[in-house]
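Undergrad: Below is a structure I'd like to ask you about.
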Amino acid sequence: DIQMTQSPFSLSASVGDRVTITCRAGQSIGSYLNWYQQKPGKAPKLLIYAASTLQSGVPSRFSGGGYGTHFTLTISSLLPEDFATYYCQQSFSSPPLFSFGPGTKVDI
Amino acid sequence: EVQLVESGGALVQPGGSLRLSCEAPGFTSSRYWMSWVRQAPGKGLEWVANIKYDGSETYYVDSVEGRFIISRDNAENSLFLQMNSLRAEDTAVYYCARTRHLGMGYGMDVWGPGTTVSVSS
């Protein structure tokens with residue numbers, strides 16, 4: 001199984017701040033990395049796939065980067081609606097045994 | 001509108017069984033892999049199982065292997081999760097998610113609102 005870790009566990013930021021979340025994989029996964037946003041009481045929402053491609057309808061203030069074992073999710077200018085928990089997820093495994101990171105909670 | 005709707009969540013005793021359903025009004029689910037993902041109270045997301053578009057391949061997280069069975073009925077545009085020998089640690093909100101090939105690998109791009117399973121005596 002591919003283990004995923006994230007840092008920080010949580011962060012507090014202000015509206016307008018630039019925020020970066022890190023995700024690390026236990027082995028190289030190329031660009032097989034997705035990011036999700038989950039707000040309290042709601043289902044997750046796909047933000048970014050293939051490490052850096054924005055899902056349709058996701059604002060351009062979100063961006064993703066990285067390759068191999070180290071990945072980042074950046075919010076360029078935080079808005080109040082970005083208060084949420086963010087999860088990374090690998091889809092490198094074959095057969096497709098997915099795994100999520102533990103999540104990063106962003107408090108505004 | 002593309003959407004998923006889960007049902008079947010309930011309070012069940014340890015050792016009991018439950019069958020979750022997920023319907024897909026608005027799109028033809030037979031064209032996609034589908035997944036179940038769960039979230040225990042106050043915890044993160046955990047992938048549980050997925051199934052190929054034609055039902056010919058299924059995969060599970062180790063903790064449910066041998067107890068849970070994922071299946072689908074493409075004629076009815078439905079996905080199922082049969083959960084047997086339930087344990088307290090299976091208590092969670094269960095989400096079904098459309099799973100599609102996106103660039104590199106697979107991503108879960110449509111999610112249902114979830115259904116709650118509680119395992120307790």
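Undergrad: Filter region A:65-104 down to the residues that are within 11 Å of the chain's Cα centre (by Cα) and either within 11 Å of chain B (Cβ to nearest Cβ) or within 23 Å of B:Ile70 (Cβ to Cβ) (or both) and list them by number.
TA: Selection gives A:Thr85, A:Tyr86, A:Tyr87, A:Cys88, A:Gln89, A:Gln90, A:Phe100, A:Gly101, A:Pro102, A:Gly103, A:Thr104.
Undergrad: Could you pull out every one of the strands (runs of 3 or more DSSP E) wholly within region A:1-91 that has 1 or more residues that are surrounded by 17 or more Cβ atoms within 10 Å (Cβ to Cβ)? Step through it out loud before you land on a result.
TA: On the way: elements: A:4-7, A:10-12, A:19-25, A:33-38, A:45-49, A:62-67, A:70-75, A:84-90.
Once the strands (runs of 3 or more DSSP E) in region A:1-91 are filtered for at least 1 residues that are surrounded by 17 or more Cβ atoms within 10 Å (Cβ to Cβ), what remains is A:4-7, A:19-25, A:33-38, A:45-49, A:62-67, A:70-75, A:84-90.
Undergrad: Can you pull out the strands (runs of 3 or more DSSP E) entirely within region B:33-72 that have at least 3 residues that are crowded, with 22+ Cβ neighbours inside 10 Å and within 12 Å of the chain's Cα centre (by Cα)?
TA: Working: elements: B:33-39, B:45-51, B:58-60.
Answer list for region B:33-72: B:33-39, B:45-51.
Undergrad: Kindly evaluate A:Ser60 against the criterion of being hydroxyl-bearing (Ser, Thr, Tyr) and either farther than 26 Å from B:Ile51 by Cα or more than 11 Å from chain B (Cβ to nearest Cβ) (or both).
TA: Details: hydroxyl-bearing (Ser, Thr, Tyr): yes; either farther than 26 Å from B:Ile51 by Cα or more than 11 Å from chain B (Cβ to nearest Cβ) (or both): yes.
Yes, satisfied.
Undergrad: Taking region B:10-43, which residues are within 14 Å of B:Gly114 (Cα to Cα), within 14 Å of chain A (Cβ to nearest Cβ) and small (Gly, Ala, Ser)?
TA: B:Ser35, B:Ala40 - these are the residues of region B:10-43 that are within 14 Å of B:Gly114 (Cα to Cα), within 14 Å of chain A (Cβ to nearest Cβ) and small (Gly, Ala, Ser).
Undergrad: What number of residues within region B:71-121 satisfy the criterion of being within 16 Å of B:Gln39 (Cα to Cα) and either β-branched (Val, Ile, Thr) or more than 14 Å from chain A (Cβ to nearest Cβ) (or both)?
TA: As a first pass, look at region B:71-121 and keep what is within 16 Å of B:Gln39 (Cα to Cα): B:81, B:83, B:86-97, B:108, B:111-119.
Adding the requirement that they be either β-branched (Val, Ile, Thr) or more than 14 Å from chain A (Cβ to nearest Cβ) (or both) leaves B:81, B:83, B:86-91, B:93, B:115-119.
Summing the residues that are within 16 Å of B:Gln39 (Cα to Cα) and either β-branched (Val, Ile, Thr) or more than 14 Å from chain A (Cβ to nearest Cβ) (or both) in region B:71-121 gives 14.
No lab work stands behind these numbers, since they all come straight from the coordinates. Everything numeric here is computed off the predicted structure, so don't read it as measured data. Neighbour counts are summed over all protein chains in view; Cβ atoms, including those assigned to glycine, are modelled from backbone coordinates with ideal geometry.
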